[in-house]
Amino acid sequence: MQPQRLSLNELVTRLARLFQRVLGDDIPLDVVTMADLSAIEADTGMVEQVVLNLVVNAREAMPKGGRVTLLTLALDVDEAYRKRVPQALPGRWVGVQVRDTGEGIQPDVLPRIFEPFLSQANEANKSAGLGLAAVYSIVKQHQGWMQVESPAGEGARFTAWFPAIDPAPAPAPVAAGQHAKGHETILVVEDKEAVRAILQAVLERQGYRALMATNGEEALALWSQHKEAIGLLFTDVVMPGGVTGRDLADRLRLERPSLKVVFCSGYGADIIGPEIMTVPNNRFLAKPFDIGRLAEVVRELLDAS
């Protein structure tokens, strides 16, 4: 963890376009920032990951569309407040809240919402490298706490609270992966729509051209059209359709043995096959991964001789 002075107002404003890309055209995003908000001391990439995961969670709660509101907030917690909200801690806090207009969270599920593998949806998110358990863990590492509210008929509200520091203006933080920009073309293969949207948004923000495929067959078709331009393959190891990530890499390397490949999976490299790491032009990212690390690994491999 690399904590630095950080403005939540600046962070959500800077990433609003990325979040809108992740949400898609049928879910508008409203951003509301609180004036004169105190700064926090936090790892920029990890806080970005918290907000991104909450935005994806909101999207998954509204499969038929809806609206997401992203707010920054301030809170002074006293004993009276703690009686109403037991998980709150005393002091002054700065928060980022993600609201959705979905069906909300069942009362019996609400107390266990941050447990891994809570539901089929959470299992899907976990395998996608996302999940509320990761959000909870990151906020706890920053000495913060999570608040979840789901009033009947009003969707859900997730708020990540961080300890406030003095309200002096915060210098603009260095965005995670800012040093890792590029211009190359990357073939991305991922079957989960939400994760594809994240990968495309992150890679294009870094300057890359991202060609997106949902399975191995689509990837082979894109390769046949753009093989001369593609500099790197980024693929999940386990995919539907009968062509795994390793199968895909092997087939493309018949045409270009030097092709650089980043494999990712919710399983560790020791489970999917440790030999995957013995190939010089291979890299492996275990899910969940943060967006800063994603950019770093891609850039490092492209620069490797």
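The values are calculated or read from the model by the stated rules, or taken from the named source; none is laboratory data. Note that the structure is predicted; figures quoted are calculated from it, not measured. Ideal geometry is used to build each Cβ from the backbone, glycine not excepted, and the neighbour counts take in all protein chains shown.
In table form, for the structure just shown:
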| read-out | value |
| --- | --- |
| Subset of region 66-84 that is free of Cβ contacts under 8 Å to residues at least 60 places away in the same chain and not in a helix (DSSP H, G or I) - its residue that is surrounded by the most Cβ atoms within 10 Å (Cβ to Cβ) | Val68 |
| Filtered residues of region 237-295 (kept if at pLDDT 85 or above and of a type in the set (Asp, Glu)) | Asp247, Asp250, Glu255 |
| Test: residue in region 89-107 that is within 27 Å of Asn9 (Cβ to Cβ), among the charged types (D, E, K, R), surrounded by fewer than 19 Cβ atoms within 10 Å (Cβ to Cβ) and at pLDDT below 85 | no |
| Residue within region 85-102 that is in a strand (DSSP E or B), within 16 Å of Ser150 (Cα to Cα), touching a residue at least 40 places away in the same chain (Cβ under 8 Å) and among the acidic types (Asp, Glu) present | yes |
| Sole exception among (1) surrounded by fewer than 20 Cβ atoms within 10 Å (Cβ to Cβ); (2) polar (S, T, N, Q); (3) closer than 29 Å to Ala133 by Cβ for Thr235, by number | (1) |
| Test set (1) in contact with a strand residue (DSSP E or B) (Cβ under 7 Å, 6 or more places away or on another chain); (2) farther than 23 Å from Phe19 by Cα - Arg246 fails condition number | (1) |
| Arg251 out of contact with any strand residue (DSSP E or B) (no Cβ under 7 Å at 6 or more places or on another chain) and surrounded by fewer than 21 Cβ atoms within 10 Å (Cβ to Cβ) | yes |
| Within region 1-56, strands (runs of 3 or more DSSP E) holding 1 or more residues that are acidic (Asp, Glu) | 29-32, 40-43 |
| Residue match in region 226-234 (condition: closer than 19 Å to Phe284 by Cα and of a type in the set (Asp, Glu)) | no |
| Unique residue being surrounded by 15 or more Cβ atoms within 10 Å (Cβ to Cβ) and closer than 14 Å to Asp100 by Cβ when the list is Ile27, Ile40 | Ile27 |
| Scan of region 152-162 for residues that are within 12 Å of Gln106 (Cα to Cα), surrounded by fewer than 21 Cβ atoms within 10 Å (Cβ to Cβ) and touching a strand residue (DSSP E or B) at 6+ places or on another chain (Cβ under 8 Å), ordered by number | none |
| Residues (under 28 Å from the mean Cα position of the chain (by Cα) and under 17 Å from Asp303 (Cα atoms)) located in region 247-262 | Leu259, Lys260, Val261, Val262 |
| Meets criteria (more than 24 Å from Ala133 (Cβ to Cβ), assigned by TED's automatic domain parsing to the domain that holds Glu154 and surrounded by fewer than 17 Cβ atoms within 10 Å (Cβ to Cβ)) for Pro63 | no |
| Residue in region 49-59 that is surrounded by fewer than 21 Cβ atoms within 10 Å (Cβ to Cβ) and either over 22 Å from Gln143 (Cβ atoms) or charged (D, E, K, R) (or both) present | no |
| Selection status of Gln200, modelled with pLDDT under 85, more than 30 Å from Ala88 (Cα to Cα) and surrounded by 19 or more Cβ atoms within 10 Å (Cβ to Cβ) | yes |
